Amino acid sequence: MKYIKNILLSCTVVALTSCVNDDVNYTVTDKPVVSMTGQTANSVMEGETITVSLATNKAYKEEMDFKLELVSGGSNSDYFVSDADGLPVGATTVDDGFGDFGYKVEFPAYAETHTFNITAVQDVLKEGTENLRFKLTSADNKNGLAAGGAIYIDLEVTNFVSDFPSIVVDWDIPVTYRTIERNILETDLDDEEVVHTESLCGIVDFDFYLSSFDAYAFTGACPEVVDQNTVNSGSIGNGILADGTYDLIVDLWDYDLALSASVNEILAADFAFPFNVEISHIGTFNTSISIPALYLSSSSTSASAGGSGERLVATIEVVGGKYKVYDSLGELVAAE
């Protein structure tokens with residue numbers, strides 16, 4: 001009897017076990033974990049680049065996506081990201097599903113290691129040392145995990161200083177003006193007024209130069225810029241300013257409203273061509289002047305009447321290597 005009971009009990013246990021195994025599937029998620037193995041520098045000057053090295057505890061058959069974002073110490077304009085070959089990596093957007101601004105870092109399929117670059121943007125501003133903190137987290141396909149949930153990268157960025165001046169003339173400013181389409185010249189009954197709003201960049205071509213020609217720009221670009229990156233390149237010049245006085249001349253070279261001849265379009269009323277001037281002693285001094293109405297759509301241009309578009313907009317006085325900037329009326333704007 002005892003023998004029969006044991007057989008029945010064994011059969012019952014086997015039957016129950018078989019039943020459980022048929023109804024439940026036990027799975028284990030074991031994603032690759034990516035860690036930072038190093039960065040080439042912890043402190044850089046603006047314009048310099050570090051390389052960040054990553055490694056995974058196991059290679060994966062598909063790309064692993066991560067998001068790099070700045071979490072403290074500066075702004076998104078203070079840096080950009082490139083791949084191992086130095087090619088820019090496109091910034092992420094909300095439309096990508098990545099949330100706030102950042103960069104997508106793609107760890108390649110089957111790779112055990114991966115690198116990318118962070119470059120501190122070089123500008124002309126007078127700034128203190130910035131301590132940037134970045135965070136790298138799993139994103140998009142989430143095939144891999146960041147060690148500890150997030151990888152943090154800390155970078156000290158010191159200010160770039162140069163003896164060169166920087167001058168920017170910028171007219172990327174929206175303007176609104178009105179035109180009249182005169183469909184029949186003999187009558188105004190079918191005249192139609194059209195309102196245009198666009199950036200002045202699409203209408204006007206400004207140039208500028210210092211009276212000494214230590215800095216000048218005649219490129220056709222908007223804005224026109226002379227800084228530490230444009231020294232002696234083509235029609236852009238830049239030289240260190242010795243002690244002395246330098247007049248800054250802006251030239252309205254030309255403009256085109258692209259009025260339509262087919263509908264006899266004319267300008268309804270005169271309007272202003274505003275622009276801004278930024279003057280810097282790179283890394284040590286910055287000032288700006290807004291000039292709202294020095295030029296109008298009725299103003300003469302240098303293209304049509306040589307030199308007639310030139311105007312004095314500021315004066316730089318250099319004393320002991322330091323800058324003072326005056327407006328066109330001789331009033332002091334700022335001093336280093």
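The values are calculated or read from the model by the stated rules, or taken from the named source; none is laboratory data. Keep in mind the model is a prediction, meaning the values are calculated, not measured. Note: ideal-geometry Cβ built from the backbone for every residue, glycine included; neighbour counts use all protein chains shown. Please note that ligands, DNA and RNA were not included when accessible areas were found on the heavy atoms of the full protein model with its side chains. Shrake-Rupley method; radii C 1.70, N 1.55, O 1.52, S 1.80 Å.
Details
- Taking the stretch 77-95 as the range and being free of Cβ contacts under 8 Å to residues at least 40 places away in the same chain and either open to solvent by 50 Å² or more (accessible area, probe 1.4 Å) or under 21 Å from Val33 (Cα atoms) (or both) as the test, the residues that pass are Asp83, Ala84, Asp85, Leu87, Pro88, Gly90, Thr93, Val94, Asp95.
- Leu210 meets all of the listed conditions (1) closer than 21 Å to Asn286 by Cα; (2) in contact with a Phe, Trp or Tyr (Cβ under 7 Å, 6 or more places away or on another chain); (3) surrounded by fewer than 17 Cβ atoms within 10 Å (Cβ to Cβ) but one, namely (3).
- Ala221 being surrounded by fewer than 16 Cβ atoms within 10 Å (Cβ to Cβ), at pLDDT 95 or above and not in a strand (DSSP E or B): yes
Matching residues to (1) assigned to a loop (DSSP other than H, G, I, E, B); (2) open to solvent by less than 60 Å² (accessible area, probe 1.4 Å):
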position: Thr230; (1), (2): yes, yes
position: Ile240; (1), (2): yes, no
position: Thr245; (1), (2): no, no
position: Ile249; (1), (2): no, yes
position: Asp254; (1), (2): no, no
position: Ala261; (1), (2): yes, no
position: Asp270; (1), (2): yes, no
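- Strands (runs of 3 or more DSSP E) lying entirely in the stretch 31-76 (those with 1 or more residues that are touching a helix residue (DSSP H, G or I) at 6+ places or on another chain (Cβ under 7 Å) and open to solvent by 40 Å² or more (accessible area, probe 1.4 Å)): 33-39
- Subset of the stretch 86-99 [in a loop (DSSP other than H, G, I, E, B) and closer than 23 Å to Asn143 by Cβ]: Leu87, Val89, Gly90, Thr93, Gly97, Phe98, Gly99
- Across the stretch 142-164, the qualifying residues are those that are of a type in the set (Val, Ile, Thr) and within 18 Å of Lys126 (Cβ to Cβ), and the one among them that is least open to solvent (accessible area, probe 1.4 Å) is Val157.
- Qualifying residue in the stretch 302-325 (condition: crowded, with 18+ Cβ neighbours inside 10 Å, under 30 Å from Val194 (Cβ atoms) and either charged (D, E, K, R) or at pLDDT 95 or above (or both)): yes
- Taking the stretch 279-336 and the strands (runs of 3 or more DSSP E) fully enclosed by it, the elements with 3 or more residues that are under 30 Å from Ile203 (Cα atoms) and within 29 Å of the chain's Cα centre (by Cα) are at 285-291, 310-319.
- Any hit, the stretch 278-288, residues being surrounded by 13 or more Cβ atoms within 10 Å (Cβ to Cβ) and among the charged types (D, E, K, R): yes
- In the stretch 96-120, the residues that are open to solvent by less than 50 Å² (accessible area, probe 1.4 Å) and within 23 Å of the chain's Cα centre (by Cα): Phe98, Gly99, Gly102, Tyr103, Val105, Thr115, Phe116, Asn117, Ile118, Thr119, Ala120
- Contact map, the stretch 238-267: first residue farther than 30 Å from Asp191 by Cα and among the charged types (D, E, K, R), second residue open to solvent by 60 Å² or more (accessible area, probe 1.4 Å) and part of a strand (DSSP E or B), Cβ cut-off under 7 Å, separation 6 or more or different chains; pairs are Asp243/Val319; Asp247/Leu312; Asp251/Glu310.
- Remark: pairs (first residue in the stretch 318-336, under 13 Å from Thr287 (Cα atoms); second residue hydroxyl-bearing (Ser, Thr, Tyr) and modelled with pLDDT of 95 or more; Cβ separation under 6 Å; 6+ apart in sequence or on different chains) = Val325/Thr287; Tyr326/Thr315; Leu332/Tyr326; Val333/Thr287; Ala334/Thr287; Glu336/Tyr323.
- Complete set of residues in the stretch 165-179 that are among the charged types (D, E, K, R) and either under 22 Å from the mean Cα position of the chain (by Cα) or open to solvent by less than 50 Å² (accessible area, probe 1.4 Å) (or both): Asp170, Asp172
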